[in-house]
Amino acid sequence: MAIDSVIVEDFLAESKDLIKGLLDLLESIESDITRVQDLATYGNNVDRIMGGAKNLAIMADSEHALHMISDYAALCKAVGYKGSQLKDNEKLYDICVALLLDATENLAILLDRIHDPVDQLRKAIPSAFIDRLRWVDKQFSDEYSQSVGAGDPGKKLAQTEIDDLLKSLGF
């Protein structure tokens, strides 16, 4: 099934606007743990990119970049939501914000290259970044939820689920 190119372009335009806002948000909260709750806002907004990519991916073949983009955005969302629950751990907060800045810039690259083959896109994500992502996730205990707000506050993103997302990305 082919995806309508106009729909993809609309998705890209909205996602790029969201990326700009996400980067502005992260830069404004850098080194300011008093704004830790803004990481939940980050999670909500990157969730919009994830949802749009997932919806469009339904109409795409299994090797389309939209699948990778939705999984990558899901990882960003998880770190944002978990990070928003930090208390009294300024170092981990700073690391999460820095990681999300890099992750969001990588997400922008994936969006710019949405028409490239997935194996080429995997090469666009540095393996050092994936290692940092795994390290950050291991810093969170099971008490940290993958969601905040009105959703299912009890649902946790287990390490195996994060590993599965990374595996789906080819890492």
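Here are the numbers:
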read-out: For segment 1-72, diffusion coefficient by Stokes-Einstein and Kirkwood Rh (Cα), 4 °C, 1.567 mPa s, µm²/s; value: 98 µm²/s
read-out: Charge tally in the Cβ shell below 11 Å around A65, where Lys, Arg are +1 and Asp, Glu are -1, A65 excluded; value: -4
read-out: Chain lengthening between R35 and I109 when straightened (0.36 nm per residue, less Cα-Cα); value: 23.9 nm
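No value in this document is a laboratory result; all are computed from the given coordinates. Remember, predicted model here, so these are calculated numbers, not experimental data. Cβ: placed from backbone, ideal geometry, glycine included. Neighbour counts: every protein chain shown.
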